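Structure record follows, encoded as structure tokens.
No value in this document is a laboratory result; all are computed from the given coordinates. It should be emphasised that the depicted structure is a prediction, and the values quoted were computed from it without experimental measurement. For neighbour counting, all protein chains shown are included, and Cβ atoms are generated from backbone atoms with ideal geometry for every residue, glycine included.
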Amino acid sequence: MIANEILKNGLNYNLTINEFASICYTSRTSVLRFAKKLGFNGYNDLKYYILNDKVDIVTSSATSFDAKKELIYKKLGKVKRAFIYGNGAYEDIIKDSVKRLLFDVGILSETYAGAKEIVAFDREMLEDCLVVIVDFSKDVRSEELMFQIASIPCIKLIVGSEYKSMTKSDYNIFLAEEEREVRLISPYIIELEKFFTEFLERQSNDIDELS
């Protein structure tokens, strides 16, 4: 109930813990327990995170090598394992492309889908790993997973959905789309190929600087 309320309506800055608990038809203790289960010290920490950590949106029109991308490239250089999650036919195409690209840059990965497999994502399993969430339909399970791993120290890359609040990713590849009957997947594949090509180039440059 608490997670559903946050996913649906966010969390108002002026709400006290008692007021928020009342909205969720639960107790103050349950709210505190929920916050601590996610790795936060308490309600205020949870509220600060939700209200202040917004996801940066990346579009294909971005041409500069931004600081956000540079930071995730540095983190990716230390990753040895990745987990790719998504539900749906379009998502499956992108998941396969991401898996192939990760293999090309030397990162082993596994793909997941469905509600039951979300349970497998725990702190010990994901720490210092890469988690890629592919979502083109604002899938509730994908949002739940992002919320579930919010406080875990892993790299979070979102492909497709424009998550505006409640979640924090290290990088978000989101391309504005025109309304059409057929969704075009190729622009995302091109963007992903560019993303990982730049990563390899960055790695190569770092090696050259050290030699």
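Return the long-range amide H neighbours of F83 (sequence gap of 5 or more, or a different chain), with a cut-off of under 5 Å between placed amide H atoms.
Amide H neighbours of F83: E110, L130, V131, V132.
For the ranges 102-110, 187-195, 146-154, what's the packing order if you count other beta-carbon atoms within 10 Å of each residue, average per peptide, and put the highest first? List each step's numbers first, then the result.
Details: 102-110: 14.6, 187-195: 16.4, 146-154: 18.3.
In decreasing order of mean packing, 102-110, 187-195, 146-154 become 146-154, 187-195, 102-110.
Once phi is turned into ³J(HN,Hα) by the Karplus curve 6.51 cos²θ - 1.76 cosθ + 1.60 with θ = phi - 60°, what whole-Hz value does each residue of the stretch 136-144 show in order, with x for glycine and proline?
10, 10, 6, 5, 4, 5, 5, 5, 4
I'd like the Karplus ³J(HN,Hα) series for the stretch 100-109: coefficients 6.51, -1.76, 1.60, θ = phi - 60°, whole numbers in Hz, and an x wherever there's a Gly or Pro.
Going residue by residue, I get 5, 5, 5, 4, 5, 9, x, 10, 6, 9 Hz, with x marking Gly and Pro.
Given a cut-off of under 8 Å on Cα pairs at least six residues apart, what relative contact order in percent is computed for the stretch 1-51? Intermediate values should be presented prior to the final figure.
Numbers: 30 pairs, mean separation 18.5, N = 51.
Value for the stretch 1-51: 36 percent.
Evaluated at 10 °C with a viscosity of 1.306 mPa s, what Stokes-Einstein diffusion coefficient in µm²/s does the stretch 1-51 have when Rh comes from the Kirkwood expression over alpha-carbon pairs? Don't skip to the end; give the middle numbers.
Details: Rh = 10.6 Å.
After rounding, the answer is 149 µm²/s.
With θ taken as phi - 60° and the coefficients 6.51, -1.76 and 1.60, list the Karplus ³J(HN,Hα) couplings across the stretch 16-29 in order, rounded to whole Hz; mark glycine and proline as x.
7, 4, 5, 5, 5, 4, 5, 4, 8, 6, 9, 9, 4, 4
Pairs of Cα atoms under 8 Å, at least six residues apart: use those to get the relative contact order of the stretch 67-209, whole percent.
On the way: 186 pairs, mean separation 35.5, N = 143.
Relative CO of the stretch 67-209 lands at 25 percent.
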